[in-house]
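Worksheet: one structure, shown below.
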């Protein structure tokens with residue numbers, strides 16, 4: 001056994017030349033950099049839904065392409081060519097108080113009767129109709145009408161349906177901003 005230890009102690013490891021050490025360092029740095037890039041790329045795929053092909057970024061039934069902000073919609077009102085069909089899906093008393101010019105009332109979508117009214121109205125339309133639905137009865141995140149209305153129209157096959165985002169209410173986010181109003 002001692003002879004083995006002695007032979008191991010006396011065994012010399014050949015020294016590498018300086019150029020071989022530089023090559024090994026370069027390879028190590030290159031491999032570490034490549035690994036970092038691969039990890040970053042995979043993290044981006046996980047982090048960005050659009051890269052994955054998943055436009056939905058929340059539990060909402062619509063995609064980001066199916067929403068419209070008040071200012072953008074107000075500009076569309078001036079464009080007579082291709083003006084969308086506006087559908088108010090909230091409560092009749094709020095609609096009677098004022099609504100987007102040309103909008104029709106088909107709600108309240110939170111009730112069976114209101115949802116049936118919306119579906120009956122939509123049955124007469126081509127599925128290619130450019131629709132904008134809105135409510136504005138309360139803060140958007142708590143609205144009981146907009147989600148059932150969108151879901152019903154989506155299930156019927158309407159593919160050009162957009163949702164008007166009114167974060168606070170129709171009064172605060174449309175009327176008080178001076179956008180067109182019909183009474």
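Some points to look at:
- Identity of the residue in the stretch 64-116, free of Cβ contacts under 8 Å to residues at least 12 places away in the same chain and outside any helix (DSSP H, G or I), that ends up surrounded by the most Cβ atoms within 10 Å (Cβ to Cβ): 111
- Condition met for residue 111 (under 21 Å from residue 77 (Cβ atoms) and more than 19 Å from the chain's Cα centre (by Cα)): no
- Restricting 60, 112 to residues that are touching a strand residue (DSSP E or B) at 6+ places or on another chain (Cβ under 9 Å) and either at pLDDT 95 or above or over 18 Å from residue 169 (Cα atoms) (or both) narrows the list to 60.
- If you go through the stretch 122-149 and keep only what is assigned to a helix (DSSP H, G or I) and surrounded by 18 or more Cβ atoms within 10 Å (Cβ to Cβ), you end up with 122, 140, 146, 147, 148, 149.
- Residue 168 being assigned by TED's automatic domain parsing to the domain that holds residue 99 and under 25 Å from residue 82 (Cα atoms): no
The values are calculated or read from the model by the stated rules, or taken from the named source; none is laboratory data. Predicted model only: the values in this text are computed from it and were never measured. Positions of Cβ are backbone-derived with ideal geometry, glycine not excepted, and every protein chain shown enters the neighbour counts.
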